[in-house]
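The values are calculated or read from the model by the stated rules, or taken from the named source; none is laboratory data. Just so we're clear, the structure is a prediction, and the values are computed from it rather than from any experiment. Note: ideal-geometry Cβ built from the backbone for every residue, glycine included; neighbour counts use all protein chains shown. Just the protein is used for accessible areas: all its heavy atoms, side chains included, with ligands, DNA and RNA removed. Shrake-Rupley method; radii C 1.70, N 1.55, O 1.52, S 1.80 Å.
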Amino acid sequence: QVQLVESGGGMAQPGGSLRLSCAASGRIFNVNVMAWYRQAPGKQRELVADSTSGDSTNYADSVKGRFTISRDNAKNTVYLQMTSLKPEDTAVYYCYAKFSILRGGILNDYDYWGQGTQVTVSS
């Protein structure tokens, strides 16, 4: 059973920093994508940043230059370093991953989501 477990959310003041972590467990054949999404109250879930198997990264315009996504491939863990936080960064942050999983001798790609972690930026 593959699971994503997030940690590191909490409260920060404007201009502050937080670091989120998401660790994957289970029998994973290949990591295709690991990413962070967020959902603010009354808004749709949006992509914050992603990291592909080729080590390329992509960021939402709203977080470019402030957030950094990184991965520890040996630990199947993805991080999101958030700096210069703004009140509009307040949201529930979700870890997402697309893994190749071997089931019954067949290799397929599956999507997984973490449980979400609250980030609140307020003075």
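Which residue pairs have Cβ atoms under 6 Å apart, sit 6 or more places apart or on different chains, and have a first residue in segment 76-88 that is modelled with pLDDT of 95 or more and a second that is open to solvent by 40 Å² or more (accessible area, probe 1.4 Å) and of a type in the set (Lys, Arg)? Qualifying pairs under 6 Å: 78/71; 81/19. Tally the residues that are not small (Gly, Ala, Ser) and not in a strand (DSSP E or B), restricting the search to segment 89-116. So the answer is 3.
Note on segment 84-116: residues that are closer than 12 Å to residue 2 by Cβ and exposed (fewer than 11 other Cβ atoms within 10 Å of the Cβ) amount to 2. Please tell me if residue 3 is polar (S, T, N, Q), open to solvent by 40 Å² or more (accessible area, probe 1.4 Å), touching a residue at least 40 places away in the same chain (Cβ under 8 Å) and within 22 Å of residue 123 (Cβ to Cβ). In short, no.
Could you pull out the residue among 33, 119, 48 that is under 25 Å from residue 1 (Cα atoms) and assigned to a strand (DSSP E or B)? Don't jump to the end; show me each part of the working.
Working: 119 fails: under 25 Å from residue 1 (Cα atoms); 48 fails: under 25 Å from residue 1 (Cα atoms).
None of the others qualify; the one that does is 33.
If the requirement is being in a loop (DSSP other than H, G, I, E, B) and not small (Gly, Ala, Ser), which of these qualifies: 19, 27?
27
If you go through segment 44-56 and keep only what is open to solvent by less than 70 Å² (accessible area, probe 1.4 Å) and modelled with pLDDT of 95 or more, you end up with 47, 48, 49, 50, 51.
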